[in-house]
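What follows is one structure encoded as C-alpha cells, with my remarks underneath.
The values are calculated or read from the model by the stated rules, or taken from the named source; none is laboratory data. Everything numeric in this text was worked out from a predicted model, so none of it was measured. Reconstructed Cβ throughout: ideal geometry from the backbone, glycine too, with neighbour counts over all protein chains shown. These accessible areas exclude ligands, DNA and RNA; they are computed on the full protein's heavy atoms, side chains included. Shrake-Rupley method; radii C 1.70, N 1.55, O 1.52, S 1.80 Å.
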Amino acid sequence: MKKILVFACLMLAIGCSHQESDPIETEIDEILSQMTLDEKIAVIHAQSKFSSRGVPRLGVPELWCMDGPHGVRPETLWDAWASAQQTNDSCTAYPALTCLAASWDRDLAKLYGQSVGEEALYRRKNVLLGPGIDIARTPLCGRNFEYMGEDPYLAGHMAAPYVQGLQSNNVAACVKHYAVNDQEFQRLTINVNVDDRALYEIYLPAFKTAVQEGGAWSIMSSYNKYQNKFVSHNPRLLKEILKGEWGWDGAVISDWGAVHETVGAAEGGTDLEFGSYTDGESRNTPAAYDHYFLAQPYKEKLLAGELPMKDLDDKVRRVLRLILRTQPNGKKGYLCSDQHYADCRKIGTEGIVLLKNKDGILPMKAKAKRIVVLGENAIRPMIVGGSSSSLKAQREISPLDGIRAAFPDAEVVYERAYYSGEPTPGRGYNYSFYDISEERPAAKLLEDALAAVEGADYVLFIGGLNKQKGQDCEGRDRESYDLPYGQNEVIEAIAAVRPDLIYINISGTPVAMPFAGDVAAIVQAWYLGSETGNALSDVLTGKVNPSGKLPFTFPIALEDGPLKTERQYPGIQDEDGNWQVYYDEGIYVGYRWYDTRQVPVLFPFGYGLSYTTFKYGQVKASAKAIKDDISFSIPITNTGKVAGAEVVQLYIQDVKSSVDRPLKELKGFEKVWLQPGETKTVRFTIGKDALSFFDAERHEWVAEPGEFKALIGASVADIRSEVSFELK
Ligand code: BGC
C-alpha cells in the first residue's frame with residue numbers, strides 16, 4: 001500500500017520544475033529517507049549496457065539511456081555491444097549535428113530536439129546520449145561530425161534549444177563529452193593541458209549554455225584526463241565548475257568505461273557509472289555489475305568509513321531527480337512518422353551550405369535531359385558507421401535516388417569514379433544489407449567516369465568522407481586533411497574536361513579542396529540521415545534556397561591552422577609513457593586564429609551562399625555607451641529574385657585591451673527569412689558579458705572600459721556594417 005502511495009505521489013510530482021517548493025524535491029527527500037544502503041548503491045551504477053536500476057520496493061522505475069544524438073540507436077544485448085537483433089528498434093536518422101549547427105536556426109534546433117525526443121520516448125528511453133558539443137579544435141578530430149563546430153557561442157546557442165525540445169518529451173539530454181574531449185587519438189587516457197582562459201572562453205561556455213539556458217538534466221563526463229585526473233574523477237570540472245559555479249542540479253553520467261577507480265569517481269563528482277570494462281562485460285555473470293567501481297567496492301569503503309555517506313546521498317538525489325524528471329507522465333512518442341521525415345528533410349535543407357556557385361550554375365534547371373552523377377558517396381549508406389552514433393534507419397534515401405526522383409524525365413547516369421574499399425563493420429550491426437563491392441581497378445573507374453560525362457547537361461561529383469574508421473568516426477582521428485581514396489586526382493581529371501563540375505562534399509569536418517578553383521560549384525552536404533537524397537536535391541534544384549553557413553573554418557592547408565607542433569596535436573608521451581596534449585594556442589582556435597592572424601582560408605567561419613542576394617543597411621546602436629545592455633539594429637533586404645534566408649552575424653571587437661584578444665568574436669546571430677524585395681530589421685541585444693574576457697588570475701570575467709565595435713556581417717570575413725560604442 002505504502003509503495004502505491006509513494007508511486008502516486010511520484011507521478012504527481014513529475015513534470016514540475018526544480019523551484020522553491022518543488023514537489024520533486026519533496027519526493028526525493030521522502031524516497032531517500034526510506035532507502036537502504038544497498039538500494040542507494042544500486043541506483044548509481046549500470047545494471048546493463050544502457051540501463052541502471054530504480055528502487056522497485058519504493059516504486060521508483062529503472063533508468064534507460066541510449067545513443068544519441070541524431071537518432072535512437074538500435075537495442076544492444078543486455079551485457080554487450082552486439083545487436084539484440086530486435087525488429088522494432090529502427091528509427092528516423094536525423095542529420096548529424098554539424099548540419100544542424102550549419103543551419104544557425106534556433107527554432108530548427110528545438111524542432112530537432114522535439115522530433116528525435118518523440119522517437120526516444122516511443123522507444124521508452126529516459127536519456128538520449130547527446131547532443132555532443134565539444135569544440136572542433138582540429139579538422140582531424142574523428143567526431144567533429146557529431147558536434148556543433150568551432151565556436152562556443154554558436155554551439156551553446158544551438159545546443160540549448162535542442163535540449164529544451166528533447167526534454168519537452170520528458171527525455172533527458174545527456175550533453176557530451178564534458179570536457180576538452182577534442183580528439184579521438186588516445187581519447188581514453190590523454191591528459192589535456194589547457195590554460196584557464198582557454199578553458200573558460202572556448203571549451204566550457206557551450207556546456208554552460210546547454211546547462212543554464214537549455215536546462216540539461218544530465219551530462220556525460222568524458223574519457224580524457226584534465227590536470228592529470230580522469231574527468232570522471234575530476235572535482236575541479238565536475239564539482240567546482242559544473243555543480244558549483246554553474247549551480248547545476250543534474251546528474252553526471254560517466255562515458256561508457258570512463259570510471260577507473262572507486263575513490264576518484266566517488267569524490268570526483270560522477271553520479272552514475274556506465275559501461276566500465278569491469279566484470280559486467282567480460283564475465284557476464286549475474287552479479288557482474290556489482291563489481292563496478294560505484295557498486296560493492298564503493299559500499300565497502302562507505303561501511304569502513306573511508307568515504308562519506310553525504311557524497312553518496314548527493315549522487316542518489318541527483319539520479320532520483322533524473323529518473324523523476326524523465327517519466328513519460330502520459331506522453332506518447334512516435335517512431336518514423338511522416339512528420340519526423342519532414343523534420344529530417346527540413347533540417348537537412350537548412351543546414352546544407354553552398355560554398356561556390358560560379359555563373360549561377362546552381363540551381364539545376366528542371367529541363368536537364370542528361371545528368372551524370374559520379375562518386376561513391378552518391379550511393380553509399382552513411383547512417384551505419386561512425387561508431388556509437390550509428391543507427392538502424394527505417395529508410396535512407398541516397399543522393400542518387402533523390403536526384404533521380406527530382407528529375408523523373410531526365411536520363412540520370414551513375415558512375416562510381418573511385419572506390420573506398422571494404423567497409424568497416426559498425427558497432428553491433430554490419431553492412432551486410434547492402435553490397436558495396438567493386439571489381440574495377442581505380443584506372444578503369446576513372447576511365448568509365450570520364451566516358452560518361454560527355455554530353456551531360458550536368459555533372460555532379462558526390463564524394464568526401466564516409467564514416468569509415470579514420471574518416472569521420474568515433475575512436476579514430478583522420479590521418480590526413482586531404483580527401484581519401486585518390487579523390488583529388490579523380491576530381492581534377494574530371495574538372496579538366498568538365499569545368500562546369502559540381503562538387504558535393506559529404507563530411508562532418510573541414511577537408512582540403514585543392515580543386516576548389518577548378519570546379520564550378522561546391523556544396524557542403526554533411527551527413528543528412530534518412531532524407532539525404534531528398535534534402536540534397538531540394539537544394540540542387542532550388543526547391544529550397546540554401547541558407548546554411550559554416551560552423552567552422554575550412555583552412556586551405558592543415559599547416560595554416562593554430563596547431564603547429566606535435567605536443568599541440570596529436571600529443572606526446574611524458575617520461576612515464578602517459579599521453580599529454582598541450583593547448584598551447586590558448587584561445588586562438590578556429591576563426592579566432594585565422595581571422596586575427598590574417599591567415600587566408602578556403603572558406604571562413606559563418607560563410608555560405610544563397611540563390612538570392614542580401615543587402616545590409618547601416619547598423620545603429622541603441623546608445624553611445626553600454627549600461628546593463630545595448631542593442632544593435634540593422635535592416636536586411638533581399639535584393640534578388642527568389643525568397644531566401646540570411647544568417648546575420650554579430651561579432652564584437654574590443655578596440656583596445658590590456659590583454660591579447662581575438663580580432664572579433666561571435667556574440668549573436670539571427671536567421672531572417674525574406675521575400676524578394678522585402679526588408680526586415682534584425683535586432684541584437686548584448687550585455688557586458690559579451691564584452692568580457694576571462695581573467696585567469698582573478699578567476700573572473702572582466703569587461704574593460706573603452707571602445708568596442710559591433711561588427712555585423714554575412715561571415716567572419718565579410719563584415720557589412722559596424723558601429724562603435726563605449727563601456728564607461
Ligand atoms: C561514446 C559515447 C557514447 C557511449 C555509449 C562511448 O564510447 O564516447 O559518446 O554515448 O559510448 O555508446
Unique match (being without any contact (Cβ under 8 Å) to a residue 40 or more places away in the chain and not polar (S, T, N, Q)) among 201, 213, 245: 245
Lone unmet requirement of (1) at negative phi; (2) in contact (Cβ under 8 Å) with a residue 40 or more places away in the chain for residue 584: (2)
Criterion (among the β-branched types (Val, Ile, Thr), open to solvent by 10 Å² or more (accessible area, probe 1.4 Å) and within 16 Å of the ligand (Cβ to nearest atom)) met by exactly one of 189, 209: 189
Residue identified as over 30 Å from residue 351 (Cβ atoms), at pLDDT below 95 and either touching a Lys or Arg at 6+ places or on another chain (Cβ under 6 Å) or not aliphatic (A, V, I, L, M) (or both) among 69, 23: 23
Subset of region 457-478 (residues that are more than 19 Å from residue 143 (Cα to Cα) and either surrounded by fewer than 20 Cβ atoms within 10 Å (Cβ to Cβ) or within 16 Å of the ligand (Cβ to nearest atom) (or both)): 457
Test: residue in region 79-102 that is of a type in the set (S, T, N, Q), open to solvent by less than 40 Å² (accessible area, probe 1.4 Å) and in a loop (DSSP other than H, G, I, E, B): yes
Wholly enclosed strands (runs of 3 or more DSSP E) of region 660-728 bearing at least 1 residues within 30 Å of the chain's Cα centre (by Cα) and within 18 Å of residue 209 (Cα to Cα): 665-674, 679-687, 693-695, 700-702
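Conditions tested, residue by residue: (1) touching a Ser or Thr at 6+ places or on another chain (Cβ under 8 Å); (2) surrounded by fewer than 20 Cβ atoms within 10 Å (Cβ to Cβ); (3) in a helix (DSSP H, G or I).
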| residue | (1), (2), (3) |
| --- | --- |
| 538 | yes, no, yes |
| 546 | yes, no, no |
| 549 | yes, no, no |
| 559 | no, yes, yes |
| 563 | yes, no, no |
| 566 | no, yes, no |
Conditions (1) at pLDDT 95 or above; (2) open to solvent by 60 Å² or more (accessible area, probe 1.4 Å); (3) touching a Phe, Trp or Tyr at 6+ places or on another chain (Cβ under 9 Å); number of the one not met by residue 332: (1)
Region 230-262: number of residues that are open to solvent by 50 Å² or more (accessible area, probe 1.4 Å) and either touching a Lys or Arg at 6+ places or on another chain (Cβ under 8 Å) or within 16 Å of the ligand (Cβ to nearest atom) (or both): 1
Residues of region 199-237 classified as of a type in the set (Gly, Ala, Ser) and within 17 Å of residue 106 (Cα to Cα), total: 5
Yes/no for residue 183 being in contact with a Leu (Cβ under 9 Å, 6 or more places away or on another chain) and away from the ligand (no atom under 15 Å from the Cβ): no
Among residues of region 384-421, those that are under 16 Å from residue 466 (Cβ atoms), part of a loop (DSSP other than H, G, I, E, B) and more than 16 Å from the ligand (Cβ to nearest atom), counted: 8
Count - residues of region 618-639 that are more than 33 Å from the chain's Cα centre (by Cα) and either open to solvent by less than 30 Å² (accessible area, probe 1.4 Å) or charged (D, E, K, R) (or both): 5
Test for residue 306: is it away from the ligand (no atom under 16 Å from the Cβ) and not in a helix (DSSP H, G or I): yes
Residues that are open to solvent by 20 Å² or more (accessible area, probe 1.4 Å), within 16 Å of the ligand (Cβ to nearest atom) and assigned to a loop (DSSP other than H, G, I, E, B), drawn from region 49-78: 75, 77, 78
